[in-house]
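Just so you know, all these numbers are worked out from the coordinates, no wet-lab data involved. Quick caveat, the model's predicted, so the values are computed rather than measured. Here Cβ is always computed from backbone atoms with ideal geometry, including for glycine, and neighbour counts include all displayed protein chains.
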Amino acid sequence: MGDPVTPKITDGKALRALAEQRPLKVLGVMSGTSMDGVDVKRVTTDGEAIAVPGGAAAGIIADADRAVIRAAEADGRAAATGATRTAALRAAESVVDRLHGDAIAAWFAAHGEAPDGDGPNGEGGSVDLIGWHGQTIAHAPDRGMTMQLGDPQALADRFGVPVVSDFRSADVAAGGEGAPLVPVYHRALARQHGLAEPLVMLNLGGVANITYIDGDTLIACDTGPANALIDDAMAEVGERFDAGGAMAAQGRVDAAALAALMDHPFFRRPPPKSLDRNAFSAAPVAGLGTADKVATLTRFTVETVAVAIEALPKRPVQVLVLGGGAFNTTLVAWLEERLGLPLTPDPRFAAADIEAEAFAYMAVRTVRGLAISFPGTTRAPEPMTGGRITFPSAR
């Protein structure tokens, strides 16, 4: 299979018509703020109902590539707009394009499939659309800026498939937080599987966020760091993350450091609210040994999640844990103890794939003009569509 293919759909009107005729087969592509890997998952959806036939892949982000991306963070935070590109940002974007494109190519190779089909509208192909989040490098909705690196034109041209990207900018431009965006997918999953409400879906990525679902009430917010500070602490000893929470389990929580970490104005703000990965300093734990440092940062995640959940209108009857942090058994056990609720992952959901699935789902909602963010999830003034569609160049 060669990467380039002749595109069948070349404009938004034709793509929307196809989406109204049948569910689209979409590859969702996501790399979170932990910057540890690229997740790829195929979802078949009309933007309302969901069918997830499987077909997942993940690509590891090597330390050298992650270093290039992380080196651009300061330029991202200093940027006036999300479109700003300094030399460091261009270098990081080139790495993002290569890594994410290679992860998609690996998905096609692993599944023995090609993106396009033989029908006049692409029928028969394994993928109609790519929903690509890109790599968040800076997020500052307080000054109307969010930046996700990645060139959707390069991806569309490489695979000959329309790409939906830039999901956050419209929400931020309208005065919203631009995050979290996954709640619209969380609600679809909850309704599809008939989950008991009130329900909280807890995503433990680089940043933690919650979605509260209770009838017509949908509330969401970032709660604080999940894995970001823990990963940074483990990097100091040459590890990418605290596997299974083993390091935290060996340590002692430093009460004074934890209190200093919790003394942040973010925790006094009501939801909706969102965070940049680097919004919190680990200075309060700087003088601790590695095990105590990681234990304290893990407890920090626990306390920030608990604060957010305890502020919800009702106590949830269940909390479903998703994201990479779901595999940190120490973190999950401490959360269960603190919340007094079991946090076992639902076996019907692939915890590590949910965000990739979500951006596939939101890509179709973008095509159909359906809302992806809401006043209760991002503080947007009204339910808002988002995302930008990029078509392959004519050849």
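Taking every DSSP bridge with both residues inside the stretch 194-347, close to 75 percent are antiparallel. Taking every alpha-carbon pair under 8 Å whose residues sit at least 6 apart, the chain reaches a relative contact order of 23 percent. DSSP bridge analysis restricted to the chain gives an antiparallel fraction near 75%, rounded to the nearest 5. Here the residues Phe267, Phe108, Phe167, ranked from fewest to most Cβ neighbours within 10 Å of their Cβ, fall in the order Phe267, Phe108, Phe167.
Each stretch of four or more DSSP H residues adds -39500 (n - 2.57); spread over every residue of the chain, this sum gives -11000 deg cm²/dmol at 222 nm. In terms of the mean number of neighbouring beta-carbon atoms within 10 Å, the peptides 17-25, 189-197 order highest first as 17-25, 189-197.
Label positions at Ala306 and Ala394, each projected 7 Å from the Cα along the C-beta direction, are separated by 6.2 nm. Counting 0.36 nm for each residue step from His264 to Ala83 and taking away their Cα separation leaves a gain of 62.2 nm.
Taken over the chain, lysine pairs spaced eight or more positions apart, or on distinct chains, with alpha carbons under 23 Å apart number 5. Modelled label positions at Ala173 and His111, each set 7 Å beyond Cα in the direction of Cβ, lie 3.2 nm from each other. Points 7 angstrom from Cα along the Cβ direction at Arg90 and Gln318: gap in nanometres? It works out to 5.1 nm between the two label points. How many angstrom lie between the C-alpha centres of the stretch 26-41 and the stretch 218-296? Value for the Cα centre distance between the two parts: 22 Å.
Extension gain, Arg70 to Arg240, is 59.8 nm, computed as 0.36 nm per intervening residue step minus the present C-alpha separation.
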